[in-house]
1. If you scan segment 174-188, which residues turn out to be open to solvent by less than 70 Å² (accessible area, probe 1.4 Å) and either out of contact with any Pro (no Cβ under 7 Å at 6 or more places or on another chain) or under 30 Å from Gln132 (Cβ atoms) (or both)?
2. If a residue must be in a helix (DSSP H, G or I) and touching a residue at least 40 places away in the same chain (Cβ under 8 Å), how many such residues does segment 177-206 contain?
3. What are the pairs, 6+ residues apart or on separate chains, where a residue within segment 19-35 that is free of Cβ contacts under 8 Å to residues at least 40 places away in the same chain has its Cβ under 6 Å from a residue that is within 14 Å of the ligand (Cβ to nearest atom)?
4. Suppose we keep only residues that are in contact (Cβ under 8 Å) with a residue 40 or more places away in the chain and assigned to a loop (DSSP other than H, G, I, E, B) within segment 112-134. Which one would you say is farthest from Ile168 (Cα to Cα)?
5. If I ask for residues that are under 17 Å from Val174 (Cβ atoms) and among the hydroxyl-bearing types (Ser, Thr, Tyr), which ones from segment 1-29 would you list?
6. When residues of segment 148-168 are filtered for being in a helix (DSSP H, G or I) and more than 15 Å from Met53 (Cβ to Cβ), how many remain?
7. Name every residue in segment 161-213 that is at pLDDT 95 or above, touching a helix residue (DSSP H, G or I) at 6+ places or on another chain (Cβ under 7 Å) and charged (D, E, K, R), in order of residue number.
Amino acid sequence: MRVILLGPPGSGKGTQANLLQERFSIPKISTGDILRAAVSDGNELGKQAGAYMDQGQLVPDEIVVGLIKNRIQEADCRNGFILDGFPRTIVQAEKLEEMLRSMNQDIDVVVDLEVDHQEVLVRLAGRSTCKQCGAMYHTTSHPPKAVGVCDECGGELYQREDDNEATILKRLTVYDRQTAPLKQYYENQGKLKTAPGRGTVDEIFSRVCEMVN
Ligand code: AP5
């Protein structure tokens, strides 16, 4: 099963990808997570990517395409994967298709999580993430039991650098301009399924599971 999760920042891609990976035992591949890990390592990739991320801009296609190319060839991807945050441009989608074709594979379904910009602002302003296990929380819709501490592993919760209002607005503009055209791209291939992203996490997960199945 090879799935792409599309949707604006804060639409719940990461949340749903975490649940899907558990349910179907296939890995989630998040370009955002890979890039953030590189930034916190301070390695060459992180130095290149960090400046774009801080400004809410996309990291250049050739960098992220290279990351994905290596990742999808790893052994744990043999039975499938969930792409969270990739592709984000038409060029990335075309490169992905080329890579998969050379491996005799294809994308099965693209799930678009539809959430309006107002809801995105509320969700991202209240988001916190565990430094250790990546579990995600929200101040009102999914608060941790103890402030700043992960329920799952006791790790420290942090707020992402790019989750301030000015950068969120930039990310939304970039999404509208560069990523939203992918909906038509996958609609033309008969692969797009749209899931209304409003509702509880569990409600949305049932919708996504139906689409993926
Ligand atoms: P990335 O990390 O991919 O960020 P994003 O796309 O902006 O998406 P988010 O992670 O912010 O949100 P999400 O949709 O995963 O929502 P989540 O589940 O967390 O990318 C970051 C940056 O990296 C980019 O700006 C770019 O610079 C770079 N980058 C990454 N990939 C790239 C690529 N392919 N090409 C170029 N550059 C790239 O949920 C958000 C919050 O809402 C959480 O608090 C959660 O608890 C809450 N929530 C979730 N579901 C619900 C619900 N149903 N109801 C209420 N609250 C909910």
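The values are calculated or read from the model by the stated rules, or taken from the named source; none is laboratory data. Note that the structure is a prediction, hence the values are computed from the model and not measured. So basically every Cβ, Gly included, is an ideal-geometry build from the backbone, and we count neighbours across all protein chains shown. All accessible areas refer to the heavy atoms of the entire protein, side chains included, with ligands and DNA or RNA removed. Shrake-Rupley method; radii C 1.70, N 1.55, O 1.52, S 1.80 Å.
1. Applying the first criterion (open to solvent by less than 70 Å² (accessible area, probe 1.4 Å)) to segment 174-188 yields 174-175, 178-183, 185-186.
Answer for segment 174-188, where residues must be open to solvent by less than 70 Å² (accessible area, probe 1.4 Å) and either out of contact with any Pro (no Cβ under 7 Å at 6 or more places or on another chain) or under 30 Å from Gln132 (Cβ atoms) (or both): Val174, Tyr175, Gln178, Thr179, Ala180, Pro181, Lys183, Tyr185, Tyr186.
2. Let us first name the residues in segment 177-206 that are in a helix (DSSP H, G or I), namely 177-179, 181-188, 201-206.
From the residues that got through so far, the ones that are touching a residue at least 40 places away in the same chain (Cβ under 8 Å) too are 178-179, 181-183, 185-186, 201, 204-205.
The qualifying residues number 10.
3. As it stands, the answer is Ile34/Leu67; Leu35/Ala49, since those pairs meet every condition given.
4. Just the residues of segment 112-134 that are in contact (Cβ under 8 Å) with a residue 40 or more places away in the chain, to begin with: 112-115, 117, 119-121, 123-125, 127, 134.
Checking which are assigned to a loop (DSSP other than H, G, I, E, B) leaves us with 115, 134.
Details: Val115: 14, Gly134: 20 Å.
Looking at residues that are in contact (Cβ under 8 Å) with a residue 40 or more places away in the chain and assigned to a loop (DSSP other than H, G, I, E, B), I get Gly134.
5. Kept after step one, since they are under 17 Å from Val174 (Cβ atoms), are these residues of segment 1-29: 6-11, 13.
Hit for segment 1-29 is Ser11, nothing else.
6. Step one: list which residues in segment 148-168 are in a helix (DSSP H, G or I), which gives 165-168.
Now narrow it down to the ones that are more than 15 Å from Met53 (Cβ to Cβ): 165.
Of the residues in segment 148-168, 1 are in a helix (DSSP H, G or I) and more than 15 Å from Met53 (Cβ to Cβ).
7. Lys193
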